[in-house]
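Asker: Below you'll find the structure I mean.
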Amino acid sequence: MITIKDIQSRLREAIETSNMTQTEIAKRLGISQSTVSKYMRLNKYPAIDTFANLCKILDVSADDILGLK
């Protein structure tokens, strides 16, 4: 079973291993650094369009983050 906690954990890992700062990711997404920080602390979820763009920026498959592969 896929859980939101598992998705958040994979997203956090992708952000951590991206070689980009939270500030850089935020600028590229057009959101605040504090929002990216909240994604990292696992207490905020990106909107679906932000999630899609975040996957693009991080060069990761949405299927991998969602646990579909």
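Asker: Please report, in Å, the Rg and the Dmax of the chain, where both are computed over Cα atoms only.
Answerer: Calculated on Cα positions, Rg and Dmax stand at 11.0, 34 Å.
Asker: Using +1 at the C-beta of Lys and Arg and -1 at the C-beta of Asp and Glu, which of A52, G67, I31 has the Cα lying farthest in the positive direction of the dipole of the chain?
Answerer: I31
Asker: Determine ³J(HN,Hα), in whole Hz, for all residues of segment 9-14 in sequence, where each value follows from phi through the Karplus function 6.51 cos²θ - 1.76 cosθ + 1.60 and θ = phi - 60°; x replaces Gly and Pro.
Answerer: My calculation for segment 9-14 gives 4, 5, 5, 4, 4, 5 Hz in order.
Asker: Return the sequence-ordered ³J(HN,Hα) values of segment 19-31 in whole Hz as given by the Karplus equation 6.51 cos²θ - 1.76 cosθ + 1.60 applied to θ = phi - 60°, using x for Gly and Pro.
Answerer: 6, 10, 7, 4, 5, 5, 4, 4, 4, 5, 8, x, 10
Asker: What net charge is computed for the residues neighbouring I57, neighbours being all others with C-beta under 12 Å from the C-beta of I57, Lys and Arg scored +1, Asp and Glu -1?
Answerer: +1
Asker: Suppose each label sits 7 Å from its Cα in the direction of the beta carbon; what would the S61-R12 distance come out to in nanometres?
Answerer: Placing both labels 7 Å beyond Cα along the Cβ direction yields 2.4 nm.
Asker: To continue, here is another question. How large is the dipole of the chain about the Cα centre if only Lys and Arg carry +1 and Asp and Glu carry -1, each at its Cβ, rounded to the nearest 20 debye?
Answerer: 240 debye
Quick note: the coordinates plus some simple rules give every number you see, no bench work behind them. What you see is a predicted model, and the numbers here were worked out from it, not measured in a lab. Every residue, glycine among them, receives a Cβ derived from its backbone with ideal geometry; neighbour counts consider all protein chains shown.
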